[in-house]
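Everything on this sheet refers to the single structure shown next.
Every number in this text was worked out from the coordinates using simple rules, so none of it is lab data. As the structure is a computational prediction, the values presented were derived from the model and not from experiment. Neighbour counts run over all protein chains shown; Cβ positions are idealised from the backbone, glycine included.
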């Protein structure tokens, strides 16, 4: 058989990347990364209000640039042998669309209106709406939050929709429906973006939009109308069916095929979230705990349906049949900030340097600061009297979502310098990870191995070693530089019929692991004491500061 090729596209928080992969061997023959130009300028965002919006033009431009760039690196014959494309995105990142499925921000009258754009996962403007959803769900005949850990988050679909409808009359008037980023961008490639007929991702709908087969799809219209009359009629303008990411969304449209120099026979797969496709790319297996570590973390675990057997896992981001792989329950957790914690600390140092010494000095510092701090922090002793910090700089995702909680640094004295504080922040992100692991095990879900992917996992040995010490578990780092995009490519290979299922695609296309971090016994006991301090500090902060 001649080699067949597939394209995986991974939309992250800051950029999008594409890989062209041999579907028989997993060899990458082309890759390209594109940074969102408007996002890079900070447009449409207000961090003080936790408002983070992204313009659909950033996504369209990135889609075209990355696929063309990746194909441009590949041998000329590859274009004729591309059979599939699949896409993953951040989430929940929904957008209001008109009746034709056009994001409102692509209309001239909404071009500069952040409320007509995609609401990035870390937008927390809807904290109050999330609380209202929880309060109503917990008193309703059916608790519609029971499959999402029992707590609905302001990062998710319904809270963001309700908040926007309340504060923007123009969106209320023109928004016919709402679509997740992973659904819209995949449908865009097919040329069929009608919100009533495009195939909605099981992954996105189940983890973020309260979809479940037990509810006959989404929660009842009565529930939404009781929540707010502004939602009257919304259920019939959304969806009832969902689809797993091993199946096709449709075929590449003539317009996009011409742009890329590809055939309209190319299959476009159903989209999913980055973490879930990343877990596929990391060769996830039952009870392997895959950590996608970047600006935030998403943690993915799968288990056979019959072994979960109706068990409800409290305080996580959902358990959804088929959200990662058919026949498996996908369980999601994560931290609202991980690399963002380090970036926040670096910004505090860099900004005054820029103001005093100019952009060139600040640019040099920004390239070298975090590696320098990590090197110094790695040489510090670990003692029970060390500084202890909380990782809740952007709220807490899991366990038990609460985006109103604040971060904290405790135990400072005059000897506290930048490396010591940085060390405490790294440990805080590891302690937050430990709390998630403990929740799964407390709920009877075993974790048999830990796998890490993402930028932090590949770049920072200090962070990964600290994480292994705090978890007291070995951590394997996946070899793939772009594991999420590779996972998308694996999904594309199955959707296009190259492989019969995801397990076969993983076996053929997986790249294995390049390093394993083992816990250091002399650090584990000390970190256990510091972790207990982290828990006590968290309890104090959560119950004292709002």
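Expressed in units of 2.2 N^0.38 Å, where N is the residue count, the Cα radius of gyration of region 368-424 is 1.30. Per-residue Cβ neighbour counts within 10 Å put 540, 260 in the sequence 540, 260, beginning with the fewest. For the chain, the mean residue ellipticity at 222 nm estimated from helices alone is -12000 deg cm²/dmol, where every DSSP H run of n ≥ 4 contributes -39500 (n - 2.57) and the total is divided by all residues, rounded to the nearest 500.
The Rg/Rh ratio of the chain, with both radii computed over alpha carbons and Rh defined as the Kirkwood radius, is 0.95. Take each peptide in 316-325, 55-64, 134-143, count the other Cβ atoms within 10 Å of every residue, and average; sorted highest first, the result is 316-325, 55-64, 134-143.
Once the Cα-Cα distance is subtracted from the 0.36 nm per residue extended length, the residue 472 to residue 344 segment shows a gain of 43.4 nm. Taking a spot 7 Å from the Cα of residue 258 along the direction of its beta carbon, which residues of region 161-203 have an amide N less than 17 Å from it? 189-192, by backbone N distance to the label point. Dividing the C-alpha radius of gyration of region 268-351 by 2.2 N^0.38 Å, with N its residue count, gives 1.29.
For a protection proxy built on the mean count of beta-carbon atoms within 10 angstrom, sort 496-503, 395-402, 270-277 highest first, please.
Ranked by mean Cβ neighbours within 10 Å, highest first: 270-277, 395-402, 496-503.
Remark: the residue 518-residue 61 segment gains 160.3 nm on full extension, using 0.36 nm per residue and subtracting the alpha carbon distance.
For the peptides 206-214, 413-421, 21-29, the ranking by packing is 206-214, 21-29, 413-421, with the highest mean count of neighbouring Cβ atoms within 10 Å listed first. Estimated at 0.36 nm per residue, the fully extended path between residue 237 and residue 287 surpasses their Cα-Cα distance by 14.3 nm. With N counted as the residues of region 30-119, its alpha-carbon radius of gyration over 2.2 N^0.38 Å works out to 1.29. Considering only alpha-carbon pairs that sit under 8 angstrom and 6 or more positions apart, the relative contact order computed for region 5-272 is 19 percent.
Which log10 I(q)/I(0) values does region 5-272 give at q = 0.09, 0.15 Å⁻¹ under the Debye formula, counting every alpha carbon as one identical point scatterer? Scattering profile of region 5-272, log10 relative to I(0): -0.41, -1.07. Its relative contact order, with pairs defined as Cα atoms under 8 Å and 6+ residues apart, puts the chain at 17 percent. Here region 158-225 was treated as a single set of alpha-carbon atoms; its pair distances binned every 10 Å from 0 give 17, 45, 34, 3 percent. Solvent-free Debye calculation, one equal scatterer per alpha-carbon of region 302-416: log10 I(q)/I(0) at 0.10, 0.18, 0.22 Å⁻¹ equals -0.53, -1.01, -1.20. Pairwise Cα distances in region 435-546 exceed 16 Å in 70 percent of cases.
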